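The values are calculated or read from the model by the stated rules, or taken from the named source; none is laboratory data. Only a predicted model underlies this, so the values are computations on that prediction, with no experimental measurement involved. Don't worry about glycine lacking a Cβ; one is built from the backbone with ideal geometry, like all the others, and counts go over all protein chains shown.
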Amino acid sequence: LKRRGTQGGRRGLRSMCASRQPTHARVDPSRWCITRRDLDDFEREVREMYKAGGIPDDPAHPNELHDHPQFGPSMYRVTECYIKPRTLASGTSWALMRNPEGLPCDVFVTHCWSEGVFEFIAKVRMLWPWNAKHLYCCFLSNPQNTDIGAMLGDDPMGSPFASALVRARYMLVIPNRRQSLYGRLWCVFEAHLALQCGLDTRMPRRPSAAMAARVLLPGCALFAVAFAV
């Protein structure tokens, strides 16, 4: 009886320790996802803060579309002014703050942080497949108050991005008016991995196979060179 009590106590202690771990340490990165309802609530909260002047432009890196209602502040500003303060108490990502047990990934979003948040949301809504429930998007999925660089590590295949992407059925490519996606090495890696996994890739205007090859293959070549050195 004493031995059983000790074993039960150890199990209870392990359970307590696990429960005190940050949520993102307990939930597989492929499950750091949001629903359509989450996206709606995110937009509502950001718009309220934006209209109240709580997301000012960055004078060091001015955004000419910051005050345009169809584009709005960049993801950099939304992360600094809204996401980080909003998730500070929970110590986790916005997605896991909403869904602490996580959600299986159906859709992976590749994008460039320079785009306006409202432009991004409109394009995601337009492209989100009707039969897909849950979506991974780095600025909402990753815990922004942690050391992101340390979390990503040196091996891109071991990153949260790769974990989610290889389990997704769809990849949404969200271009913007300010910067090419494939100026970012992570977007190049995501394009490469999506091609390798045969994901159904969707863009605001569905390209021909030839156009997709012209857009994606140079990026994949750049990826191969960059990670080979």
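Tell me, please, whether a residue that is touching a residue at least 12 places away in the same chain (Cβ under 8 Å), among the hydrophobic types (A, V, I, L, M, F, W, C) and in contact with a helix residue (DSSP H, G or I) (Cβ under 9 Å, 6 or more places away or on another chain) can be found in the stretch 80-93.
Yes; the residues of the stretch 80-93 include at least one that is touching a residue at least 12 places away in the same chain (Cβ under 8 Å), among the hydrophobic types (A, V, I, L, M, F, W, C) and in contact with a helix residue (DSSP H, G or I) (Cβ under 9 Å, 6 or more places away or on another chain).
Find the helices (runs of 4 or more DSSP H) located wholly in the stretch 112-192 whose residues include 1 or more that are charged (D, E, K, R), and list them.
Counting at least 1 such residues, we get 117-127.
Just the residues that are over 13 Å from ALA168 (Cα atoms), surrounded by fewer than 21 Cβ atoms within 10 Å (Cβ to Cβ) and touching a strand residue (DSSP E or B) at 6+ places or on another chain (Cβ under 7 Å), please, taken from the stretch 100-122.
TRP113, SER114
Every residue in the stretch 168-222 that is modelled with pLDDT of 85 or more, small (Gly, Ala, Ser) and more than 17 Å from TYR136 (Cβ to Cβ), please.
GLY198
Those residues that are crowded, with 17+ Cβ neighbours inside 10 Å and more than 18 Å from TRP32 (Cα to Cα), I need them from the stretch 76-92; list them, please.
If the condition is that a residue be crowded, with 17+ Cβ neighbours inside 10 Å and more than 18 Å from TRP32 (Cα to Cα), then ARG77, VAL78, CYS81, TYR82 are the ones that fit.
Take the residues in the stretch 156-183 that are farther than 30 Å from ALA89 by Cα and among the charged types (D, E, K, R); name whichever of them is surrounded by the fewest Cβ atoms within 10 Å (Cβ to Cβ).
ARG177
When the residues of the stretch 83-104 are narrowed to those that are at pLDDT 95 or above and either closer than 18 Å to ARG125 by Cβ or aliphatic (A, V, I, L, M) (or both), which ends up farthest from the chain's Cα centre (by Cα)?
Looking at the filtered set, the residue picked out is LEU88.
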